[in-house]
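A short worksheet on the structure shown next.
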Amino acid sequence: MKKQDNDAELEALDALFDTVRAHPPEVPQALMARVLADADVLQPTHGRHHAVRLGLRAWIADLLGGWQGMGGLAAAAAAGVWIGWSPPETLPDAGALILGYESAEVMSTTAELTSFGWDLDGD
Amino acid sequence: MPPDDPVSATDDALLVLYANGDPTAARTLTARLLPRVFGHALRLLGDGAEAEDVAQEAMVRLWRMAPDWRQGEAQVTTWLYRVTANLCTDRLRKRRGVGLDEIAEPEDPSPGAVEQIQNRARHDALQDALDQLPARQRQAVVLRHIEGMSNPEIAQVMEIGPRAVESLTARGKRALIDLLAGRRAELGYEDEKAG
């Protein structure tokens, strides 16, 4: 008798769950609108705009191979400047050759350089 | 999964699309998830206005979390149910001490005259009984018997073991039966059985 009561109670409860499950609450339209508005405001579209604004810089960096490529380019440029300024003994002096002198020793005593105040001998 | 087919896309795929700026993903996700979030909050809180606030806040957290979502690691619904339940728990703590009579009853949208009244009575009776359960029991019962989730899924949402889920749902159902005792005829179940 007790078991029959329990079974009936469980059946009634399951029927109640079925009823509630079959009729889920409707989402109020105003809530739906608020949630969609939130989604619009919070969508990370700023990233897209950022990408457009930084497009040229990013394009150049990509063209040169990113930061690694740009680093290599800067190092090569610095080495070039140094070699041009202070060439090794074995290399011809590009500056002297451009100015039409046979060697750097000749050039260093000429007025072309002393006129710039580069006379290092202090004479 | 083609990105131009949002209906068949998984929740987490849609979330990634949303994070990448897709203009339609949010609408599809909202249509799919908001009814569940709102319904869950309504069952846990028994108050329509508060359930709306909680549902909106839970969805805001979803949108904010979207860029960091790791696809395939967890289910969006599991995460969302957990967030919703935590928000409801916070509200229930703040509300502690408020009498049941002061809590507004949830709206019942079902159409039709007699059937509507009957369904309304059933909704209200169940909601009244659910409101009297301890919060964890209520959450487990709602997830199992109204949301239709499996015990392992509930275990993930509630961050407990499957056995604890079984225990909570069993005790919750027993308590509901006690709370609803004597109301079967009033709720029309005796008639349906007889008919």
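Structural remarks
- Among the residues making up region B:15-32, those that are open to solvent by 10 Å² or more (accessible area, probe 1.4 Å) and part of a loop (DSSP other than H, G, I, E, B) are B:20, B:22, B:23, B:24.
- Subset of region A:23-44 that is hydrophobic (A, V, I, L, M, F, W, C) and within 7 Å of another protein chain (Cβ to nearest Cβ) - its residue that is nearest to the chain's Cα centre (by Cα): A:42
- Residue within region B:165-183 that is within 13 Å of chain A (Cβ to nearest Cβ) and either within 25 Å of residue B:31 (Cβ to Cβ) or at pLDDT below 80 (or both) present: yes
- Lone qualifier among B:10, B:78, B:84 - being of a type in the set (S, T, N, Q) and either under 14 Å from residue A:35 (Cβ atoms) or facing another protein chain (nearest Cβ under 9 Å) (or both): B:84
- Candidate set from region B:49-69 (those that are at the interface with chain A (Cβ under 8 Å from one of its Cβ atoms) and open to solvent by 10 Å² or more (accessible area, probe 1.4 Å)); member that is farthest from residue A:42 (Cα to Cα): B:52
- Matching helices (runs of 4 or more DSSP H) fully within region B:128-183 where at least 2 residues are open to solvent by 60 Å² or more (accessible area, probe 1.4 Å): B:151-158, B:162-180
- When residues in region A:38-63 are screened for being modelled with pLDDT of 65 or more and surrounded by 12 or more Cβ atoms within 10 Å (Cβ to Cβ), 7 of them pass.
The values are calculated or read from the model by the stated rules, or taken from the named source; none is laboratory data. Treat the numbers as computed from the prediction; the structure is a model and nothing was measured. Cβ atoms come from the backbone with ideal geometry, glycine included; neighbour counts cover every protein chain shown. Calculation scope for accessible area: heavy atoms of the full protein, side chains included, ligands and nucleic acids excluded. Shrake-Rupley method; radii C 1.70, N 1.55, O 1.52, S 1.80 Å.
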